[in-house]
Structures are given as C-alpha cells and as structure tokens.
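What follows is calculated from the coordinates using simple rules that are stated; it is not laboratory data. What you see is a predicted model; the values in this text were computed from it and never measured. Glycine also receives a Cβ, built like all others from the backbone with ideal geometry; neighbour counts cover every protein chain displayed.
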Amino acid sequence: MMEGPADKSYGIHVAKIAGLPLPLLERAATILSALEAEGNAVTATTVEYKDEVKEETEQLSLFREVSTDELGVVDTLKKMNLLEMTPMDALNLLYELQKRI
C-alpha cells in the first residue's frame, strides 16, 4: 500500500464480484471510461450520464414508514446468534426472512 490516489479504479471489479447486475456494471464501465478519458473533468458527456441516470432511477425515501413485517424481520435479525448457527441454518433463516418481506 502506498499513500496517494490509486492509478486505477477497482470499484467495478468489486461490484462484479458482489454480483451486481450486468447492465449496471456495463453502465458504470462506460461512465468510468468517459471520466478517465477526460481526466476526471466534468464534461457535457458526464453531465449527460448523470441526467440519464437520474431519469432512469427512483430515489427511495430514507424516511418511509416501515411495515410490521419488516420490523419483525429486523427483530429476528437482531436476535440471531450467528456464531452458533451453521451456514445452512443461516441460509434457511435468510430465505424465510426474505419470504416475509
């Protein structure tokens, strides 16, 4: 590790490993290429990307009301003792929680 900025962005690679959708990864690569080509300067192209993303996505509210089912899931997660669960127990519990919400 060295102090200073990275010579390359690894965020897209990490996102791929995390299993993010291919269209999102392709879009990120396009935007990154445009930024790298322009030396990270804000250009009409990058502004266009930002506007396009804004139109295609919906901002989720940070203050929406949480349903009773979601609260139950949160309570269950808080009570879980991961150190005493097998991987299969954890997977089964996550599956059940996902079905609830």
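Laid out as a table, the results:
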read-out	value
Distance (nanometres) between label positions extended 7 Å along Cα→Cβ at Lys79 and Arg27	3.9
Inter-label distance for Gln98 and Glu38, nm, one decimal - labels placed 7 Å from Cα along Cα-to-Cβ	3.8
Relative packing of 82-95, 23-36, which averages over residues the other C-beta atoms within 10 Å, highest first	23-36, 82-95
